[in-house]
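Engineer: Handing you a structure now.
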Amino acid sequence: MQKGEVRVDILLVSGFLGAGKTSFIKAMTRATGRQFVVLENEFGELNLDGTLLQKGAGLAGEEKPQMQIWELTEGCICCSMNQDFSLSVVTIANTLRPDYLLVEPSGVALPGRIIRGLKKISYEHIGLLAPVTIVDAGHFRAARRDYPDYFSDQLAAAGWVVLSKSERMTEDEFAQLERELALGPGVAFPHEHYGKWPKRRWLELLARRLPDTGQAPIPHPARAPARALSHMALRGVAFASPASLIPRLDLLVSTVFGRVVRAKGFFQTAFGDWVRFDVVDGIYEISSAPAMDEGQMVIIGEHLEQEGLHRLFGGEMVAGTEEVEGEPDANW
């Protein structure tokens with residue numbers, strides 16, 4: 001590169017459904033003050049994570065992160081032949097020229113494939129940073145058990161493994177989980193929640209590059225995952241209060257309408273407040289949210305009874321897919 005030319009560093013932030021990728025990205029933008037563009041590849045047609053990032057993405061009153069959201073809706077960025085993804089990366093690097101391009105794939109993406117694709121389009125104006133994998137400290141065992149292809153690929157691709165939902169964990173508990181995850185050599189595994197990181201730790205993460213040589217090959221699953229997932233999305237959902245949502249969420253996690261792996265959404269109450277909810281591994285959380293344009297929700301799981309779920313939550317169904325066995329890139 002010649003003096004004065006702009007270089008864009010790409011950071012891949014992966015993690016299984018509900019691991020907390022969006023929360024990590026919010027924290028990073030606030031802690032570093034750098035300029036980011038986030039390339040989102042959400043599961044399904046409604047990009048709730050992108051909306052949350054743009055609106056402030058958390059508790060009401062939070063400072064809005066300084067970033068731009070670039071949504072990729074056609075196909076999966078796992079696929080090395082996805083020209084839309086390649087074009088998006090090059091366009092962002094040449095026109096928006098942020099300090100960093102954050103690539104946030106779906107929770108059921110294979111980051112090993114994404115890295116191979118990024119290496120093919122990398123050129124002198126683009127640098128690749130060591131990828132980050134977010135692991136949910138409380139629920140990763142279920143993901144590893146039920147969807148080992150995705151989980152193992154996300155760990156194998158990582159340069160950093162960051163434990164989310166670990167605010168109350170002790171040093172000994174971090175060390176125990178590090179042994180349990182059996183990470184490869186050279187993988188950074190901070191022994192504290194990222195909310196406690198000093199700025200220098202964030203800057204270290206944004207400076208560590210993906211090595212060109214010496215890195216072990218990332219396993220490429222030869223088969224599609226044995227357990228297929230489907231999804232549905234609703235817009236225009238609304239409930240009088242959080243209390244009126246709770247019995248619906250109880251039914252959602254009961255498996256009456258299928259096994260829900262992940263659900264999330266936000267809505268406006270009869271009092272004008274905005275509320276968000278998250279469901280991961282049979283457990284739900286409800287919290288306040290910034291004002292949105294409309295209520296939305298997404299449900300991802302196995303054997304979803306979509307008509308029953310539509311009746312339960314109301315709104316307009318804007319997307320719904322049947323479960324598909326076979327090549328995962330077709331939908332993800």
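Engineer: More than 14 Å from the chain's Cα centre (by Cα), surrounded by fewer than 21 Cβ atoms within 10 Å (Cβ to Cβ) and touching a residue at least 40 places away in the same chain (Cβ under 8 Å): does that describe G127? Break it down stepwise before answering.
Structural biologist: On the way: more than 14 Å from the chain's Cα centre (by Cα): yes; surrounded by fewer than 21 Cβ atoms within 10 Å (Cβ to Cβ): yes; touching a residue at least 40 places away in the same chain (Cβ under 8 Å): yes.
So G127 fits the description; yes.
Engineer: Cβ-Cβ distance below 9 Å, separation of 6 or more or different chains: which pairs start in the range 159-184 with a residue that is of a type in the set (F, W, Y) and end on one that is in a helix (DSSP H, G or I)?
Structural biologist: W160/L205
Engineer: Report, by residue number, each residue of the range 96-119 that is surrounded by fewer than 16 Cβ atoms within 10 Å (Cβ to Cβ) and either at pLDDT below 80 or among the hydrophobic types (A, V, I, L, M, F, W, C) (or both).
Structural biologist: L96
Engineer: Now for a separate question. Write out, first by first residue and then by second, each pair whose Cβ atoms fall under 6 Å of each other, whose residues are 6+ apart or on separate chains, and whose first residue, in the range 258-286, is over 16 Å from R145 (Cβ atoms) while the second is surrounded by 19 or more Cβ atoms within 10 Å (Cβ to Cβ) and of a type in the set (S, T, N, Q).
Structural biologist: So the pair list comes out as G265/Q296.
Engineer: Then there is this: Go through (1) out of contact with any strand residue (DSSP E or B) (no Cβ under 7 Å at 6 or more places or on another chain); (2) modelled with pLDDT of 95 or more; (3) assigned to a loop (DSSP other than H, G, I, E, B) one by one and return the number of the condition R201 breaks.
Structural biologist: Of (1) out of contact with any strand residue (DSSP E or B) (no Cβ under 7 Å at 6 or more places or on another chain); (2) modelled with pLDDT of 95 or more; (3) assigned to a loop (DSSP other than H, G, I, E, B), only one is false for R201: (3).
Engineer: Also, quick follow-up: Output yes when any residue across the range 311-328 is at pLDDT below 95, out of contact with any Phe, Trp or Tyr (no Cβ under 8 Å at 6 or more places or on another chain) and in a helix (DSSP H, G or I), and no when none is.
Structural biologist: Yes, that holds for at least one residue.
Engineer: Only residues that are within 16 Å of P242 (Cα to Cα), in contact with a Ser or Thr (Cβ under 9 Å, 6 or more places away or on another chain) and of a type in the set (V, I, T): list them for the range 253-311, please.
Structural biologist: Within the range 253-311, T269, V275 qualify.
Engineer: I would also like to ask the following. Does the range 13-28 hold any residues that are over 16 Å from A158 (Cα atoms), out of contact with any Asp or Glu (no Cβ under 9 Å at 6 or more places or on another chain) and surrounded by fewer than 23 Cβ atoms within 10 Å (Cβ to Cβ), and which are they?
Structural biologist: S23, A27
Engineer: Please state which one of A226, A216, A233 is surrounded by fewer than 11 Cβ atoms within 10 Å (Cβ to Cβ), modelled with pLDDT under 95 and over 23 Å from G117 (Cα atoms).
Structural biologist: The conditions single out A226.
Engineer: Go through (1) over 24 Å from F140 (Cα atoms); (2) outside any strand (DSSP E or B); (3) not charged (D, E, K, R) one by one and return the number of the condition S254 breaks.
Structural biologist: Single failed check for S254: (1).
Engineer: If I ask for residues that are surrounded by fewer than 17 Cβ atoms within 10 Å (Cβ to Cβ) and assigned to a strand (DSSP E or B), which ones from the range 257-273 would you list?
Structural biologist: R259
Engineer: How about the range 120-162: which of its residues are modelled with pLDDT under 90 and either of a type outside the set (D, E, K, R) or more than 20 Å from D9 (Cβ to Cβ) (or both)?
Structural biologist: Residues satisfying the conditions are I121, S122, Y123, H125, I126, G127.
The values are calculated or read from the model by the stated rules, or taken from the named source; none is laboratory data. All figures in this text were calculated on a predicted structure; none of them were measured in a lab. Using ideal geometry, Cβ is built from the backbone for each residue, glycine included, and neighbour counts are taken over all protein chains shown.
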